[in-house]
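The values are calculated or read from the model by the stated rules, or taken from the named source; none is laboratory data. Computed from a predicted structure; not experimentally measured. Methodologically, a virtual Cβ is constructed for each residue, glycine included, from the backbone with ideal geometry; neighbour enumeration extends over all protein chains shown. All accessible areas refer to the heavy atoms of the entire protein, side chains included, with ligands and DNA or RNA removed. Shrake-Rupley method; radii C 1.70, N 1.55, O 1.52, S 1.80 Å.
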Protein chains: 2
Amino acid sequence: MALVVAKFGGSSVADADKIKRVAERVVEQRRAGNEVCVVVSAMGDTTDELLELAEQVSPLPPARELDMLLTSGERISMALLAMAISKLGAEARSFTGSQAGVITTSTHGKARIIDVTPGRIRGALDEGAIAIVAGFQGVSQDTKDVTTLGRGGSDTTAVALAAALHADVCEIYTDVDGVFTADPRIVPNARKIDKISYEEMLELAASGAKVLMLRCVEYARRYSVPVHVRSSFSTKPGTWVTELPEAELVEQAIIRGVAHDSSEAKVTVVGCPDKPGVAAAVFRAVADADVNLDMIVQVGSIAGTGRTDISFTLPKTDGRTALAALDKVRAEIGFDRTLYDDHIGKLSLIGAGMKSHPGVSARFFGALADAGVNVEIISTSEIRISVVVRDTDLPGAVKAVHDAFELGDPDNQAVVYAGSGR
Amino acid sequence: MALVVAKFGGSSVADADKIKRVAERVVEQRRAGNEVCVVVSAMGDTTDELLELAEQVSPLPPARELDMLLTSGERISMALLAMAISKLGAEARSFTGSQAGVITTSTHGKARIIDVTPGRIRGALDEGAIAIVAGFQGVSQDTKDVTTLGRGGSDTTAVALAAALHADVCEIYTDVDGVFTADPRIVPNARKIDKISYEEMLELAASGAKVLMLRCVEYARRYSVPVHVRSSFSTKPGTWVTELPEAELVEQAIIRGVAHDSSEAKVTVVGCPDKPGVAAAVFRAVADADVNLDMIVQVGSIAGTGRTDISFTLPKTDGRTALAALDKVRAEIGFDRTLYDDHIGKLSLIGAGMKSHPGVSARFFGALADAGVNVEIISTSEIRISVVVRDTDLPGAVKAVHDAFELGDPDNQAVVYAGSGR
């Protein structure tokens, strides 16, 4: 008997029929002898409809009340799922985030989980019931107010509950078959990845892969929760996100996949005085405006001018804020002007151990050069190489890199680029 | 500075514009220097829409889950009202039934309030905020599950909170100007009652007046909460429900109003053996089926037969259940058959002290006789006379009685029929 935490997103519970299908799936798992705890999001467009109602009443509602409003969404879906399960003859009990013991900070709209005390969930499971938990919501430790976890919150709820319950697996049901070596809409022969390490999944999520949110993967890694990303439309195995054997991590350069991201823009601060503290002042101004930078590049001093350019990428949604923040400090810092470019794309190659295998980057940049793609910014980590290219070059670049590493080869589970073989 | 608990029903918060109007009204009260706690129902048709969703998933959903589902309704309206108040520059904080300390029994769907511990509400008021509370809902003492209070639950929430907070008044906002001497749709010159005792209001509510639910009035009487029933569309005073001076109750026969009820049916159990225990067996069978009887009449033994008929009235919605229950015990009790009549109407005259003034009943039955109305069943209390008539006779009977006691006379605040005059 295993303890399974299964999370179903809003599209899986969008209407009564879909809720019934989820109920069947869950009851099957229970009847197979497992203990089952289900985490649900709000039905389909519920959250958008509630936001629209709020907008009609007040353009800038208090965050506490917005959380109170939005959390009604999961309340509806979880109660309906419990009813559907009950109709199939199994016992189900639904719990709000607060009842499930999801204790958070009090930052409404983007609270972070501090602790999970799943006494009531454990009790329901002990009595043989299927526990249904509202995703995305919790209760603040200090004020006992209802909070929400922000984007990807339901995935995080599921992983956090799985950790607290010492579950055997946290299943994340989604509308794709798992995590792929590249976006199948761009690379038709992209292959589902059977198994991936937390670190690699973190880099994929941070580099634009949308199937799992970064926070959820971070949480899973911290508490070593095995995550199984799989399709809610089939019973085929999906992608397992787990710890990989140390040997595999160190001795081989395994290329997992290619991620891309079209949601960023590039800001260039032109004509900065080339002296200590200037870059720090630029980034301080942007950070004070609550904007997260991604990649940064500084061109060396331009001969004879004593001046330099600083470029960085950031989410397009933060573009206006960052430019306004920089404009305020232009005179003080003494740069000439800012340039804004929202026609860039980011491509990342992810794989454990690639850093110790120089052949990887040679092949990577070779593939981009052969495809005629110009690289504007480069950034690397132990297990990732990222480049910024023109947005129009992005699909071709993704395909070229995916091909160069033979990621679409159905015989290769993980492509071993160098090392002692397997 | 007064402490006001104000309750707004579903039609008062049916859409964004109506919520904004309620917000304006509430903020005005706050700015006038009062402490304000608002109790809200779910928006307009929300409850019906949620029930429809539940029906699509399961025809007989578990009561616990139905409560979980339905309580999302007030969560939405209260958060939106808090946002609207906040937009007007006042501070508002919304609280679920559980957060507001509404502790109930665990009978889902019709829980009863056991205790109210409004620490968080008191805290919000102390900080100058307007507290918004979800009506109709609470948390069970034993299981800490979410419960609902059943029909009229939001009124009861308001009165219970007013009692616990020692409020100066519990205002019940509704779509009429207050409690009337009769239904103005039937009696055009019906007059708004300025002041009425708990006991009279109880009888009116029990006799079909829909403006306040019986439970809410019972609660108000038990804790001596002054209730002010008033229109959400005007600032005119409505009807005050309070304790009346003892003198007024005892020495005068004050006729408050005429209530009517078309929601009942009459069951006649024909040919019962005229011996001890038979009536008890009949009523036991009906009570065991969870049907509440209203009026009961037993015709004396029919000459020479040793048999008698027993009639009673009950809600039409319980008719089928009661007949089925009686059918099962027919052979055992030995009656002939049952008759079902759903073309009856009940009329009640309510006023404190009428019992000690025989002239009241003489005038009452005289008016009915003059109007050619045949009376089928009679029942009385200290402050009420009720009769069952044909449903087609009901409107004429209500008008006749209303006229006979000059209840429409604008000069009479309360019609003093007999006694020391005022």
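The requirement of being touching a residue at least 12 places away in the same chain (Cβ under 8 Å) and either within 13 Å of A:Val39 (Cβ to Cβ) or under 21 Å from the mean Cα position of the chain (by Cα) (or both) is satisfied by A:Val102. Within region B:38-47, can one find any residue that is away from chain A (no Cβ under 13 Å), of a type in the set (Val, Ile, Thr) and open to solvent by 30 Å² or more (accessible area, probe 1.4 Å)? Checking region B:38-47: not a single residue is away from chain A (no Cβ under 13 Å), of a type in the set (Val, Ile, Thr) and open to solvent by 30 Å² or more (accessible area, probe 1.4 Å). For beta carbons closer than 7 Å, sequence separation of 6+ or different chains, a first residue in region B:107-119 that is under 19 Å from B:Ala131 (Cα atoms) and a second that is loosely packed, with under 13 Cβ neighbours inside 10 Å and not aliphatic (A, V, I, L, M), there are no qualifying pairs. Can you find even one residue in region B:51-69 that is among the charged types (D, E, K, R) and farther than 20 Å from B:Ser140 by Cα? Yes; the residues of region B:51-69 include at least one that is among the charged types (D, E, K, R) and farther than 20 Å from B:Ser140 by Cα. For region A:74-98, a tally of residues being farther than 13 Å from A:Phe136 by Cα and assigned to a loop (DSSP other than H, G, I, E, B) returns 4.
Cβ-Cβ distances below 8 Å connect the following pairs, each with a first residue in region B:183-199 that is of a type in the set (A, V, I, L, M), a second residue that is in a loop (DSSP other than H, G, I, E, B) and open to solvent by 50 Å² or more (accessible area, probe 1.4 Å), and a separation of six or more residues or different chains: B:Ala190/B:Pro184.
From the list A:Arg30, A:Arg21, A:Arg75, the lone residue that is surrounded by fewer than 23 Cβ atoms within 10 Å (Cβ to Cβ), within 27 Å of the chain's Cα centre (by Cα) and charged (D, E, K, R) is A:Arg21. Please list, ordered by first then second residue, the pairs with beta carbon atoms under 8 Å, 6 or more apart or interchain, first in region A:269-286 and at positive phi and crowded, with 18+ Cβ neighbours inside 10 Å, second at pLDDT below 90 and among the aromatic types (Phe, Trp, Tyr). From region A:269-286, no pairs qualify.
Of the candidates A:Val217, A:Val225, the single residue that is away from chain B (no Cβ under 14 Å), modelled with pLDDT of 95 or more and in contact with a helix residue (DSSP H, G or I) (Cβ under 9 Å, 6 or more places away or on another chain) is A:Val225. Can you name the residue in region B:142-163 that is surrounded by fewer than 24 Cβ atoms within 10 Å (Cβ to Cβ) and away from chain A (no Cβ under 14 Å) and is also modelled with the lowest pLDDT among such residues? Per the stated criteria, the residue is B:Arg151.
For the subset of region A:51-63 comprising residues that are part of a helix (DSSP H, G or I) and facing chain B (nearest Cβ under 7 Å), which member is surrounded by the most Cβ atoms within 10 Å (Cβ to Cβ)? The selected residue is A:Val57. One residue alone among A:Ala100, A:Ala23 is touching a Pro at 6+ places or on another chain (Cβ under 7 Å) and within 13 Å of chain B (Cβ to nearest Cβ), and that residue is A:Ala100.
Take the conditions (1) within 21 Å of A:Gly9 (Cβ to Cβ); (2) surrounded by fewer than 20 Cβ atoms within 10 Å (Cβ to Cβ); A:Ile186 misses just one of them, which is (1). Of the numbered criteria (1) in a loop (DSSP other than H, G, I, E, B); (2) touching a helix residue (DSSP H, G or I) at 6+ places or on another chain (Cβ under 6 Å); (3) modelled with pLDDT of 95 or more, the one A:Val241 fails is (1).
Note on region A:164-179: among residues that are at pLDDT 95 or above and open to solvent by 20 Å² or more (accessible area, probe 1.4 Å), the one that is farthest from A:Ile114 (Cα to Cα) is A:Asp168.
Being touching a Lys or Arg at 6+ places or on another chain (Cβ under 7 Å) and surrounded by fewer than 17 Cβ atoms within 10 Å (Cβ to Cβ) is a property that A:Val297 lacks.
Against the list (1) of a type in the set (A, V, I, L, M, F, W, C); (2) under 21 Å from B:Arg120 (Cβ atoms); (3) in a strand (DSSP E or B); (4) more than 11 Å from chain B (Cβ to nearest Cβ), the condition A:Val139 fails is (4). Can you find a residue that is surrounded by fewer than 24 Cβ atoms within 10 Å (Cβ to Cβ), facing chain A (nearest Cβ under 7 Å) and either acidic (Asp, Glu) or over 23 Å from A:Ala90 (Cβ atoms) (or both) anywhere in region B:81-92? Scanning region B:81-92 turns up at least one residue that is surrounded by fewer than 24 Cβ atoms within 10 Å (Cβ to Cβ), facing chain A (nearest Cβ under 7 Å) and either acidic (Asp, Glu) or over 23 Å from A:Ala90 (Cβ atoms) (or both).
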